[in-house]
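The numbers here are math on the coordinates, done by the rules we state, and not lab data. Every value quoted in this text rests on a predicted model; they were computed, and no experiment measured them. With ideal geometry, Cβ positions are generated from the backbone for all residues, glycine too; neighbour counts draw on all protein chains shown.
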Amino acid sequence: MIGTSRYFREETRQAPVWLDDVALEQIEPVLPLAHGVARVNDRAVLSAIVHVLRTGILWRAIPDEYGVRGKTAYNRFVRWTKMGLMDDLLMTLTLDENGRRVLAVNADMLIAHESGELWAERGFFPSIMASA
């Protein structure tokens, strides 16, 4: 049975959000280097993270189009959040909406998602929360 509760949200049918070349060029200088093991494609993982935060779906419900497992996206989100990097990335990442650049994830979207709300309450997104 599909229901809606704090712990289970029905998968949304919104189109996947893919970060474009402009967005990737903005953040590439701040991305950490891989440590030996080849890392999953940054564009796919970051696009999946943005999709999760914009739509409010569970990490395990990431659409197959991204080619990224929910656990991979969540682990990268947590690791980069603890490093303080995710706040910088989300403040820098923009998407083209109707011919203008807007933040890929704003404070309202962030706190609407359980993971974003939890980490924001712990003080990990000061820049985004200050921009609200």
Footprinting exposure proxy for THR72, THR92, THR81 (fewest neighbouring C-beta atoms within 10 Å first): THR92, THR72, THR81
Neighbour-count ranking [beta-carbon atoms within 10 angstrom, fewest first] of ASP42, ASP108: ASP108, ASP42
Relative exposure of HIS51, HIS35, judged by other C-beta atoms within 10 Å (fewest first): HIS35, HIS51
Segment ASP96-ARG79, extension gain: residue separation times 0.36 nm, minus the distance between their alpha carbons: 3.4 nm
Rounded if a/c under 1.5, otherwise prolate or oblate - the chain, Cα gyration tensor axes: rounded
Per-residue HN-Hα couplings for segment 59-72 [Karplus 6.51, -1.76, 1.60; θ = phi - 60°; Hz; x = Gly/Pro]: 4, 6, 9, 4, x, 4, 4, 6, x, 10, 6, x, 5, 5
With at most 13 other Cβ atoms within 10 Å, longest stretch of the chain clear of loop GluC sites (Glu not before Pro) (DSSP): 12-132
